[in-house]
Every structure is written in C-alpha cells, then in structure tokens.
C-alpha cells in the first residue's frame with residue numbers, strides 16, 4: 001500500500017511542480033511581451049541604451065568564440081565526411097553535406113549552446129545576485145518594474161543577436177569546411193563553391209533562422225527564470241546559474257527536435 | 001485627532017509564509033511627520049511588517065491605508081504612483097552594483113520624471129551633499145564602506161522628495177560612531193523635510209535618539225505602542241525584559257528555536273511546491 005501511495009505521490013508531486021513552473025514561465029512570457037509591445041505604446045518607453053549595451057555584450061562580444069568554434073566544427077565535419085565519402089569516390093558531396101548541415105542544424109545549435117554558456121548563465125547570475133542583495137526589491141519599491149528594467153532590454157538584445165550570430169556562424173562554418181576540403185582533401189575550389197551554391201535553398205536558410213529565434217527565447221527566459229528563482233546567498237546563485245545552463249541546453253535541443261520534425265514534413 | 005493626521009493606518013493586518021502566520025491582527029496608526037520605530041527581537045516579524053507596508057508582500061488579510069486609501073486593494077499602476085511618494089532604505093543599502101553612486105541616486109528621477117539631465121544633476125548633487133557624500137559621485141557601490149552605503153541608500157530614497165521613508169535596520173552592522181551618524185541623519189531628514197519615517201530596529205540606543213513613538217512586537221503581535229518613555233515604563237513582561245536587556249531562559253529558548261525551525265521548514269515546503277528540479281534538466 002505504502003509503495004502505491006509513494007508512486008502516486010511522486011508522480012503527483014512531479015506533475016504539480018511542472019505545472020507550477022509552467023505557470024511561472026507563462027507569467028514571465030506575458031509580462032515580457034507586455035513591457036516590450038504594449039507598454040511602450042502607452043508612453044512607458046523601452047530602455048534603449050541598456051538594450052544597445054546588451055546587444056554589444058551578447059552579440060559582438062560573443063562573435064569571436066562563436067566564430068572560432070563554428071569554423072573548427074565546419075572543418076571537422078568536412079574531414080569526417082571525406083573519411084566516409086572517399087570510400088565511394090563521392091568527395092565532391094562534402095560541399096553539399098557541410099553547407100546544408102551547417103545552415104539547417106549545426107550553426108544554430110552551436111551558436112545557441114555557446115551563447116547559453118556565455119550569456120544565459122550571465123543573465124541568471126546577474127539577476128540572482130541582484131535578488132540576493134535586495135536590489136530587485138529596491139527596484140520594486142522605487143516603482144521600477146524589474147521586467148521593464150532588467151528583462152526587456154536583455155530579451156530584445158538576445159532576440160536580435162542570436163539570429164545575427166547564427167547567420168555569421170553559418171558562413172564561417174561553411175568557410176571552415178571549404179578551407180579543409182580544398183586544402184587537405186584536395187577538392188577544386190570552384191567545384192566546391194558551385195556545389196555549395198547548388199545545394200543550398202531558401203528553405204534551409206529560413207529553417208536555421210526560425211530555429212535561432214526560438215533558441216534566443218529559450219536562452220533568455222530560462223536565464224531570467226532561474227535568476228528570479230535564486231534564494232539564500234551565493235550558494236543559491238551558483239546553483240541556479242549551473243541549472244540555467246543545463247535547463248537551457250535541454251530545452252534548446254527539445255525545440256530543435258520539434259522544428260526539425262516540423263520542417264522535415266513541411 | 002482626525003483621520004487626516006494619520007498618514008499610515010494598518011488595520012487587522014495578517015501576514016503568512018505558507019501556513020505559518022508571521023503577523024497577526026496588527027493595528028497601527030502612524031502620524032504625519034513623526035518618526036515611528038518598530039521594535040522587537042530577531043524573528044518577531046518586524047521586517048515582514050515593513051515589507052508589507054512598502055508593498056513587497058501582499059498581506060493575507062487586513063488593510064494598509066496611505067492617506068486613507070487602501071494600498072492593498074490598488075491596481076499595479078496606482079501602487080506605482082504611491083511608491084513614487086515613498087522611499088526605502090534597505091538593510092544592505094541595495095544600491096545597484098552595475099551603476100555608479102551618482103546614477104543610483106539619479107535613477108528614480110530618470111525613470112519617473114521628464115526632467116532635463118542638468119536639473120537631475122543638480123537634484124542628485126543636493127541629495128548627495130545632504131547625506132555627506134559630495135565628491136563620491138563616480139564611486140561604484142562596491143568601493144564604499146558600510147556607513148557610506150547606508151547614507152547613499154538614504155540619498156536614493158530621498159531622490160523623489162517622498163512624504164514617507166522606511167528604514168530597515170539602519171544601524172545594523174555599523175560601529176557605534178557610524179551608527180550614531182546614521183541616526184543623526186535620520187533625525188536631520190525628518191526635521192528638514194517634515195518626513196514621516198518608519199524605522200525597523202532592535203538597537204535600543206538609536207531608539208532614544210530618533211523615535212517619537214514606537215511599537216514593540218513579539219511573535220507577530222503588537223505588545224505595546226506609545227512614546228518611548230511610555231514603553232519603557234510599560235507593565236508588560238516582554239517590554240520590561242526587552243528594555244531591561246534581560247536574557248531569556250536558555251533551555252526554553254533552545255526548545256522553542258528547534259520547534260520554530262521545524263515549523264519554518266514545513267511551512268517553506270508547503271509554500272513553495274517547486275523547489276529543485278521543478279523543470280526538466282539538472
């Protein structure tokens with residue numbers, strides 16, 4: 001009997017906790033859109049300066065690491081493809097494989113994972129330590145809404161910088177594949193570029209772009225949600241920062257899967 | 001006395017953390033222009049009372065009236081309007097660490113007014129001068145000492161020229177000399193601007209310096225209200241114990257402490273069904 005109650009209790013608790021978290025996230029989402037889309041029309045403006053600063057931080061400052069990693073991933077992909085395709089003498093298909101995989105899948109995913117590690121964690125840590133230091137309370141008492149002051153600028157900056165980074169990352173990744181394929185595998189540069197141009201379609205481009213927009217939403221909201229969850233002191237900040245990265249990457253992969261299935265049948 | 005003489009009125013306030021009742025049936029009348037001190041031991045609910053007053057917590061029952069209007073029943077926009085007329089100094093000052101001292105004090109003005117930057121600069125410098133921090137405009141909060149942070153917090157709370165100002169443990173963590181300086185500052189603000197100040201503290205020394213009237217809280221209930229002299233002469237055993245600085249019986253206290261811990265833990269569980277791992281991952 002106690003075994004049965006334990007199982008039901010466990011399932012119930014998990015479901016209730018999940019439901020509770022879902023409600024909290026929904027509130028956050030509604031509130032964010034309220035402060036970005038509705039309130040500015042009523043004269044409660046956005047914090048443009050802060051948005052631009054975050055744009056530089058999330059976008060421009062992330063580019064070196066995103067670019068480097070994506071360049072290397074492109075080269076790795078070309079090499080692995082060559083290893084398999086050379087058995088069939090089909091090495092010119094490296095171009096197709098690298099470009100399509102980069103544009104549809106790997107560039108958005110790598111960018112999102114790197115931005116999560118760099119910026120998602122920073123968002124959680126910043127909001128978390130502000131909460132611990134009563135700074136969030138101070139904002140509220142001053143009549144400054146924390147969503148407007150803290151979340152809206154980060155959200156907008158993330159929404160612009162992640163798709164932009166993804167586009168750049170795609171080109172860098174294809175460039176990495178090109179360099180390796182022409183220099184190491186020995187494919188003729190002209191042929192490689194021609195095959196790349198033939199392989200890519202507008203649909204591939206939009207797939208990657210749509211994904212990256214949703215990745216941006218995940219990174220921002222998970223970071224913010226985890227940040228506001230912080231309780232206690234420095235230990236809580238650490239735990240929620242770690243958790244924000246893990247949760248964010250998990251949901252990025254889930255969203256990625258959903259869109260991949262969706263676009264596969266489209 | 002008419003209702004108009006009271007700026008803050010608390011009626012039947014009940015506050016709960018989950019199932020645990022922290023404040024029970026609190027009734028208070030705070031007069032315009034006075035310094036009112038909320039006294040009590042650690043964990044008696046005085047900080048909770050303050051959080052309810054400034055709207056950081058919604059009471060489980062009861063009403064808080066500012067100038068006769070019920071703060072708890074207001075819409076979010078109305079509450080924001082009221083908050084522009086109140087200032088609060090937090091225990092740890094709670095200055096925004098990402099901004100310089102100047103920007104911290106100028107923040108409420110920038111957010112809530114359409115004043116020109118030159119006007120904001122003058123007002124900010126006046127406020128900083130008032131708390132004795134002129135010349136520290138470009139310092140980051142992390143570069144300031146504890147006492148300076150408290151002063152900066154007061155300057156920020158004063159930025160919008162509020163009618164009422166709330167202090168949470170203004171002298172906590174300061175040495176006696178600096179604490180006395182902060183007390184003098186509270187007194188000075190009250191005299192200069194005819195502010196209503198509400199101060200939460202357990203420092204007996206500062207009560208004598210700053211308080212016009214005070215209330216004494218024990219385990220979530222008001223034991224006594226009145227002028228400091230009245231409280232000192234009060235017949236309630238806790239009042240006598242508190243002002244006489246007599247310790248509680250150790251054995252009884254430790255038992256009670258363990259019980260309160262257990263209750264607190266249970267309450268925290270009930271209050272917050274989502275703890276760790278409430279979404280996937282981890």
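Figures for the structure shown
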read-out: Residue that is out of contact with any strand residue (DSSP E or B) (no Cβ under 8 Å at 6 or more places or on another chain), away from chain B (no Cβ under 14 Å), under 30 Å from residue B:86 (Cβ atoms) and in a helix (DSSP H, G or I), where the choices are A:162, A:184, A:151; value: A:151
read-out: Candidate set: the stretch A:242-266, residues that are more than 12 Å from chain B (Cβ to nearest Cβ) and within 22 Å of residue A:159 (Cβ to Cβ); chosen: the one modelled with the lowest pLDDT; value: A:263
read-out: Residue that is surrounded by 13 or more Cβ atoms within 10 Å (Cβ to Cβ), free of Cβ contacts under 8 Å to residues at least 60 places away in the same chain and closer than 30 Å to residue A:228 by Cβ, where the choices are A:9, A:43, A:18; value: A:18
read-out: Test: residue in the stretch B:181-197 that is within 14 Å of another protein chain (Cβ to nearest Cβ) and not in a helix (DSSP H, G or I); value: no
read-out: Filtered residue count, the stretch B:63-98, keeping only those that are part of a loop (DSSP other than H, G, I, E, B), in contact (Cβ under 8 Å) with a residue 24 or more places away in the chain and more than 8 Å from chain A (Cβ to nearest Cβ); value: 4
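The values are calculated or read from the model by the stated rules, or taken from the named source; none is laboratory data. It should be emphasised that the depicted structure is a prediction, and the values quoted were computed from it without experimental measurement. Quick reminder, even Gly has a Cβ in these numbers, built from the backbone with ideal geometry, and neighbours come from all protein chains shown.
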